[in-house]
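**Q** Handing you a structure now.
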Amino acid sequence: MSSSVLIFNLTQEWVESLRRWHLELFFIPTTAISLAAFLANPVLLACIFLSRALRQETRYLLVANTLTADLLFLILNLATVICNAVDAHIPWLLCELITAVTVTSYCCAILTVTLMVVDTYAAVRWPLRYHHLLPPARTCRILLGAWLLAAVYPFTLFIIMETEGAELGEKVPVCLVLISLGFLQLTNTVGIHIYFFVAAVVCAALIFYCYVRLYMVTRTQGIWQSRFSRARVTLLAHGLLLLLYFAPGLVFSLELLLFQKAEISQDVRVWISTVNMCVFMLLPRAFAPYLYGLRYREISETVMLLLLHRDRRLSRAAS
C-alpha cells in the first residue's frame, strides 16, 4: 500500500470515529480556553516589551518567551481543531508543516519553563554575580538557542515525512500531530520515543535538582516556616503549572505507543487524543498568563498603569 493511501485511510478512520462520538464538539472548550489565554497573553507581552525596566530583567524575558511559544501553539491548535470540526481537507504538506511548528512551540515552552527554574536558582544561589551571569543580551541568545534546539528535531522529521510521505497535492480529512508522527514512527519508532523521553527526563531532572538545591540554600532563612508563606505558595503554584505543562506531553507519548497497537480500539485512541489536545494541553497556557500577572508584582503594576492610561485617554476622547 502506498504512503498516500495509508495516510488517507488513517485520517478517514479517525474522522469516522470523531463523527460517531460527536467529538467535533470539543472545539467548544478548545475555543473557550484559548480565548481566555488570548485575552491575557497579548496584554502581558505588551507590558514586558513596552517597559524598558521589564525588558532588562532575565525572568521577564523568559516569561515573554514562554507566552510567545504558548500563543503560537494556541493559534495553530485552535486553527487545526476548527478545520477538523468543519471537515476541511488540508494539504498533507501543510499538515506536516503545522506539525513541525506545533511541536517546536510546545518543546520551546517546556525548555523555557525549565530555564525559568534555573534562572530562579541562579538568582538565589549567586545574587551578587547573577546580573553578570545572565545579562539581557546573553538571555536573548539563550532563548534563540532554545528555539533552534526545539526546532531541529521536528523540522528534521518534517523533511523525512515529506520525503517518505504522500504526494505534494494530497489532501487529508483531518490534520493531527499524532497522525503525522504516528505515521512516521511506523518506520522510525525508536527515534521519536527517545527524543521525547530524553527531553522530558533532562528537563524534569534539572527542575528537580534546582528546587532541591533552592530548598537547601534557603531553609535556614525562615521563609518556609509559615504554612502560607510566599515561598510555599510560589512553589505550589509553579509546581502545579509545571505539572500541567509536562503531563500532556507524557499523555502524548502514551498516544504514540497506542497508535501502533492493533489490539487497542480506534475509539480509545481518538478519545484520548481529543481530550488531550482540546483540554489538557491548553490548561497550562490558559493559567500561565494569569499566574505570572498575579505573582510578579512588576507585571501587575505595569498592567494597571496601561489600563489607567487607556481609561484616561478614553475619557479625554469622550469629553
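The values are calculated or read from the model by the stated rules, or taken from the named source; none is laboratory data. What you are looking at is a predicted structure, and each value in this text was computed from that prediction instead of being measured. Cβ placement follows ideal geometry from the backbone for every residue including glycine, while neighbour counts extend to all protein chains displayed. Just the protein is used for accessible areas: all its heavy atoms, side chains included, with ligands, DNA and RNA removed. Shrake-Rupley method; radii C 1.70, N 1.55, O 1.52, S 1.80 Å.
Yes/no per residue for (1) in a loop (DSSP other than H, G, I, E, B); (2) over 27 Å from residue 56 (Cβ atoms); (3) at pLDDT 85 or above:
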{"site": "235", "(1), (2), (3)": "no, no, no"}
{"site": "242", "(1), (2), (3)": "no, no, yes"}
{"site": "275", "(1), (2), (3)": "no, yes, yes"}
{"site": "286", "(1), (2), (3)": "no, yes, yes"}
{"site": "314", "(1), (2), (3)": "no, yes, no"}
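**Q** Could you list, in sequence order, all residues of region 49-77 that are open to solvent by 30 Å² or more (accessible area, probe 1.4 Å) and part of a helix (DSSP H, G or I)?
**A** If the condition is that a residue be open to solvent by 30 Å² or more (accessible area, probe 1.4 Å) and part of a helix (DSSP H, G or I), then 49, 50, 52, 53, 55, 59, 68, 71, 72, 75, 76 are the ones that fit.
**Q** Here are 46, 85, 36: which of them is surrounded by fewer than 21 Cβ atoms within 10 Å (Cβ to Cβ), in contact (Cβ under 8 Å) with a residue 24 or more places away in the chain, small (Gly, Ala, Ser) and over 22 Å from residue 280 (Cα atoms)?
**A** Being surrounded by fewer than 21 Cβ atoms within 10 Å (Cβ to Cβ), in contact (Cβ under 8 Å) with a residue 24 or more places away in the chain, small (Gly, Ala, Ser) and over 22 Å from residue 280 (Cα atoms) holds for just one of 46, 85, 36, which is 46.
**Q** Determine whether region 196-213 contains at least one residue that is at pLDDT 90 or above, exposed (fewer than 14 other Cβ atoms within 10 Å of the Cβ) and of a type in the set (Lys, Arg).
**A** no
**Q** Hey, any hits in region 141-148 for a residue that's at pLDDT below 90, open to solvent by less than 70 Å² (accessible area, probe 1.4 Å) and of a type outside the set (Lys, Arg)?
**A** No, because not a single residue in region 141-148 is at pLDDT below 90, open to solvent by less than 70 Å² (accessible area, probe 1.4 Å) and of a type outside the set (Lys, Arg).
**Q** Further question: Out of the residues in region 5-33 meeting the condition of being of a type in the set (Phe, Trp, Tyr) and more than 22 Å from the chain's Cα centre (by Cα), tell me which one is surrounded by the fewest Cβ atoms within 10 Å (Cβ to Cβ).
**A** Here the residue is 21.
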